[in-house]
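Participant: One structure, pasted below without further comment.
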Ligand code: ITT
């Protein structure tokens, strides 16, 4: 695979290569200024995330969707890294504790953080835009903050209700989609993608 640098190529349609509905909303909303037609995964199944980095896993997902559809495909691999837990769950955030739901993962994370005073954490997002010819573009975004002692807000998805971004009075679960996009890890990665494509 060859990684592209510089300005992105002309695109009319793109596959949003994620099965996470929260990510679909964020990606579609952010891509609107580019005028790209966003397609869902349809019958395409994303591969197992066998990589040990966000970059590898995002590339696996984006390439699989691009190969299967013949269209450029955009995938996100992301996670939350908690300093007091040595950076865990990180790249394994979706599988944390091998429990099934966002709520169960949040309960587990709060349990592991009980009595911990250092609550610093960061979200990381890596976007990979893969073309059917194997070329890749890669964009990364991060946001630092603190883990709350309990959930706040009903918005967003995943660990959002537990995360208070630095400089914010609102948890990411209390933000509107637009507020979250303006400061979030994925919002920042998307801003880099938009800039590279001239938006
Ligand atoms: P796809 O692989 O289909 O895109 P996924 O949810 O499995 O969906 P990841 O493998 O990238 O995605 O796992 C990232 C996990 O990290 C995700 O399930 C959330 O629990 C968490 N996460 C990532 N971005 C987040 C965000 O913006 N807000 C809250 N939690 C987030």
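Participant: Can you find a residue that is assigned to a helix (DSSP H, G or I), touching a residue at least 12 places away in the same chain (Cβ under 8 Å), surrounded by fewer than 17 Cβ atoms within 10 Å (Cβ to Cβ) and within 14 Å of the ligand (Cβ to nearest atom) anywhere in region 26-42?
Facilitator: yes
Participant: Look at residue 22 and say whether it is part of a helix (DSSP H, G or I), surrounded by 14 or more Cβ atoms within 10 Å (Cβ to Cβ) and without any contact (Cβ under 8 Å) to a residue 12 or more places away in the chain.
Facilitator: So residue 22 fails the test.
Participant: Could you tell me which of the residues 199, 192 is under 30 Å from residue 69 (Cβ atoms) and in a helix (DSSP H, G or I)?
Facilitator: One residue alone meets the criteria, 192.
Participant: Of the residues 164, 129, only one is more than 10 Å from the ligand (Cβ to nearest atom) and closer than 18 Å to residue 17 by Cβ; which? First the steps, then the outcome.
Facilitator: Working: 164 fails: closer than 18 Å to residue 17 by Cβ.
The unique qualifying residue is 129.
Participant: Here's a follow-up. Being away from the ligand (no atom under 14 Å from the Cβ) and under 18 Å from the mean Cα position of the chain (by Cα) narrows it down to one residue among 182, 169, 199, 191; which is it?
Facilitator: Within the list 182, 169, 199, 191, the selection yields 191.
Participant: Here are the criteria: (1) part of a loop (DSSP other than H, G, I, E, B); (2) closer than 29 Å to residue 150 by Cβ; (3) within 15 Å of the ligand (Cβ to nearest atom). Tell me which single one residue 104 does not satisfy.
Facilitator: (1)
Participant: Mind telling me which of the residues 52, 125 ends up being crowded, with 18+ Cβ neighbours inside 10 Å and either in contact (Cβ under 8 Å) with a residue 40 or more places away in the chain or in a loop (DSSP other than H, G, I, E, B) (or both)?
Facilitator: On the way: 52 fails: crowded, with 18+ Cβ neighbours inside 10 Å.
Checking each option against the conditions leaves just 125.
Participant: Can you confirm whether region 93-106 contains a residue that is within 15 Å of the chain's Cα centre (by Cα) and within 21 Å of residue 166 (Cβ to Cβ)?
Facilitator: Looking only at region 93-106, we keep the residues that are within 15 Å of the chain's Cα centre (by Cα), and these are 93-95, 102.
Remaining after also requiring within 21 Å of residue 166 (Cβ to Cβ): 93.
Yes, region 93-106 has at least one match.
Participant: When only residues in region 54-73 that are in contact with a helix residue (DSSP H, G or I) (Cβ under 8 Å, 6 or more places away or on another chain) and near the ligand (Cβ under 10 Å from one of its atoms) count, which is farthest from residue 14 (Cα to Cα)?
Facilitator: 54
Participant: Also: Quick one: which residue in 149, 154, 138, 142 is surrounded by fewer than 18 Cβ atoms within 10 Å (Cβ to Cβ), under 18 Å from the mean Cα position of the chain (by Cα) and in contact (Cβ under 8 Å) with a residue 12 or more places away in the chain?
Facilitator: Testing whether each residue is surrounded by fewer than 18 Cβ atoms within 10 Å (Cβ to Cβ), under 18 Å from the mean Cα position of the chain (by Cα) and in contact (Cβ under 8 Å) with a residue 12 or more places away in the chain leaves just 142.
None of the figures in this text is laboratory data; all of them are computed from the coordinates on show. Keep in mind it's a predicted model, so treat the numbers as computed, not measured. Cβ sites come from the backbone with ideal geometry, for glycine too, and all protein chains shown count toward neighbours.
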